[in-house]
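One structure is given here, and the rest of the page talks about it.
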Amino acid sequence: MNHPHTNKLASETSPYLLQHAHNPVDWYPWGNEALELAKQEDKPILVSIGYSACHWCHVMERESFENEETALVMNENFINIKIDREERPDIDHIYMDAVQAMTGSGGWPLNVFLMPDGRPFFGGTYFPPEPAYNRSSWPQTLLAVKQAFAERRTEMESQAENLTQHIKSTNQFGGIELAQNISSTSQSLNQIAENTLKQADTLWGGFGRAPKFPQTFTITFLLRHHHFTGDQRCLDQALLSLDKMIQGGIYDQLGG
């Protein structure tokens, strides 16, 4: 089948990433190529994270990522990275924490704008194609971020640094460098587990401080890590967090 557009997601194996392989957006998978290009061209990075079963991820793709005019703005002004959170819960966790710190809530699709070195400075979840639901449209957001990056660079640098320090201090998750350098070796998986357990709430479940968002794939990672390593701490925290999720509504109310 012939497609008018094909981007760098076409060689990926994730069904979610392949779904976006023929968007007019020049999507890159997460990796050194995109991260180095952002530094070389001194462009902000847009990281868009979702998963196959996410309804609003599909809605935003149809409304915005398949729109030629919107894609042109994205391609000219940003290095665009698409991530499947089922493949990279580690990166999703870091940038979800950033958006929660900025907005007080989170969800998917998760759209985060980063400095060329990977530090987040602005983000949100679903953006409509036109202003609605008391939200700016996606085109308005793109142009506002473009303008801020060009005209208020020092302010954006300060926001990015403060946010990065906040993530490190509240979650002890190792910062943005962890997401850039992580590999699939057993050593790195052990380190992910240790970092996750460091910022786990062992009393009320979940991870990090309030307001909490159910980290289903972090829980899945802990369950899988227990299966392969026998680490009882991973199983205990996963089951505690699942129990609190089942009770419902508790994440948004917790302190700590």
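Bear in mind that the values in this text are calculations on the coordinates, not laboratory data. Note that the coordinates shown come from a computational prediction; the quantities given were computed from them, not determined experimentally. No Cβ is skipped: glycine too gets one built from the backbone with ideal geometry, and neighbour counts run over all protein chains shown.
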Open item on the list: With +1 assigned to the C-beta of every Lys and Arg and -1 to the C-beta of every Asp and Glu, and no other charges, what is the dipole magnitude of the stretch 8-169 about the Cα centre in debye, to the nearest 20?
Closed with: 320
Task: Kirkwood Rh, angstrom, the stretch 8-169 [1 / mean 1/r, Cα pairs] - done: 15.7
Task: Volume of the Cα convex hull of the stretch 85-177, divided per residue and given in Å³ - done: 102
